[in-house]
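Computed from the coordinates by the stated procedures, all read-outs in this text should not be read as laboratory data. In this text, all values refer to a predicted model and were calculated from it rather than measured experimentally. Please note: Cβ atoms are built from the backbone with ideal geometry, for glycine as well, and neighbour counts cover all protein chains shown.
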Amino acid sequence: MTPGERVRKIRESVGITQAKFGEPLGFKWYKIKDIEAGKINVSPEIAKKLSNAYSIRFEWILTGEGSMKTENVRSTTSEQSAHEDSSQPVIEGNYQSRFRVSDALTMCARVLESGTSYATTLYMNIHHFDRAISAEERINQVEQNQTEMEVRNQEIEARSQSIEQQMKSMMQEMAGLKEKIAMLEEQNANLQIQVTQPKEIIKYGTDPTGNMLDQNDGGAEIDDVPEGSWGF
């Protein structure tokens, strides 16, 4: 087994992707890919980073000799498990009010600095939880933006309906104004007719019976028309 193949075995043992595997080492996923493929040699510096990050024996990474892990995890008895379980704090209900952040940070720091496999597991869990929280925050932001957009759309729709109603009212007012204008034009025409008829009577005069005289038939001048002969 080559050093690159041993690196792949380490990654597969923790069950993570090349990108996740390279994060505690400061490597991108494509560098891990090249190391596993043998395109990049596993130097003592890389082996040291792997040993510290994943609790793997330095010699095993370079030569394959000896055991892979730096320590063997002992199996606990049922009594030890019961004792450990009883010593753990009970977290119920609103768990955020059951522990102090400072205590949690102190315990995390102790585990992460231990250089054991627990440190790697805790680090990966913290990383995954951080990504999950970030994803939830993004989802909440998207939902908030969607709610705000829906409110804005409702406001725009209400304004559109108000404008449409105002336009209908204006159209009705315009129709009423047109009817009034038509009535005024009709009244004006009638007034013009009424104004024209007295002029004709004054011009031609009337006979004693009230009939208008024809000027060509020798009708009387206006000054010669006897008083009381006007047609009005």
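List of remarks:
- Distance in nm between pseudo-label sites at residue 25 and residue 52 (7 Å out along the Cβ direction from Cα): 1.4 nm
- For residue 16, no residue whose modelled amide H falls within less than 5 Å of its own remains once neighbours fewer than 5 places apart on the same chain are excluded.
- Electrostatic dipole magnitude of the range 3-63 [Cβ: Lys, Arg +1; Asp, Glu -1; Cα centre; debye, to 20]: 80 debye
- Legend: distances between Cα atoms for 9/48; 9/69; 20/69; 9/33; 31/69; pairs beyond 18 Å are 20/69; 31/69.
- Within straight-line cross-link reach of residue 178, lysines at Cα separation under 19 Å, skipping those fewer than 8 residues along the same chain: 168
- Computed label-point distance, nm, for sites residue 170 and residue 109 using a 7 Å Cα→Cβ extension: 7.0 nm
- Fraction in percent of alpha-carbon pairs per bin - 5 Å, the range 3-63: 4, 21, 36, 31, 8
- The slack in the chain from residue 153 to residue 43, taken as 0.36 nm per residue of separation less the alpha-carbon distance, amounts to 33.5 nm.
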